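Notes follow the structure.
The values are calculated or read from the model by the stated rules, or taken from the named source; none is laboratory data. Computed from a predicted structure; not experimentally measured. A quick note on method: Cβ atoms are made from the backbone with ideal geometry, for glycine too, and the neighbour counts reach across all protein chains shown.
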Amino acid sequence: MTPPSASAHASAVRVGEQAILIRGASGTGKSRLALDLILAGRTGMIAETLLIGDDRVRLDTRDGCLIARSVPELEGMIEIRGLGIRRCVFAPEAAVALVVDLAASDAARLPPPERLKTLISGVELPRIPIAAGENPLPLVLGFLSTN
């Protein structure tokens, strides 16, 4: 029997075939970064980008990968600050390839290599720690363009 998946206070998007997991406390910009990435995908800056989940996702491990899945009651819904909850096209799941931590206390201009990795459910993943108030989009786009 497969154990139930863990619910995470995070947002996730699928860029191409892989997911970006966006973590942070309420009000740190998870939904905003998800929307910015979706819009970047629509303009062709990056591969097609679809919402997996906003504010809450399920995390499972499968074949050594961390899988981000949408939560059924929130599928296809994203909060756009100032406009409210909106519907959008979504992907049900994808393997996580990057973790972005917003308002991270260990963010630094030149972080040591150990800060650029995280371990979730036994899976080691690349990580970008973002300082509070810093625009995360350029860093994520930079990561995507060099990998």
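Among the numbered criteria (1) on the phi > 0 side of the Ramachandran plot; (2) surrounded by 15 or more Cβ atoms within 10 Å (Cβ to Cβ); (3) without any contact (Cβ under 8 Å) to a residue 60 or more places away in the chain; (4) not β-branched (Val, Ile, Thr), which single criterion is violated by Ala107? The number of the failed condition is (1).
Evaluated against (1) assigned to a loop (DSSP other than H, G, I, E, B); (2) more than 14 Å from Ser11 (Cβ to Cβ); (3) touching a residue at least 40 places away in the same chain (Cβ under 8 Å), Asn135 falls short on exactly one condition, (3). Taken as a whole, the condition of being free of Cβ contacts under 8 Å to residues at least 12 places away in the same chain, at negative phi and not hydroxyl-bearing (Ser, Thr, Tyr) applies to Ile85. Only one entry of Ile85, Ile22, Ile38 meets the criterion of being of a type in the set (A, V, I, L, M, F, W, C), surrounded by 14 or more Cβ atoms within 10 Å (Cβ to Cβ) and not in a helix (DSSP H, G or I), and that entry is Ile22. When restricted to residues that are touching a residue at least 60 places away in the same chain (Cβ under 8 Å), more than 20 Å from Ile80 (Cα to Cα) and not small (Gly, Ala, Ser), the stretch 1-54 contains 4.
Considering Ala47, Ala95, Ala131, the condition of being within 18 Å of Ser26 (Cβ to Cβ), surrounded by fewer than 19 Cβ atoms within 10 Å (Cβ to Cβ) and modelled with pLDDT of 95 or more is satisfied by Ala131 alone.
Among all residues of the stretch 103-110, there is none that is in a loop (DSSP other than H, G, I, E, B), under 14 Å from Leu21 (Cα atoms) and at pLDDT below 95.
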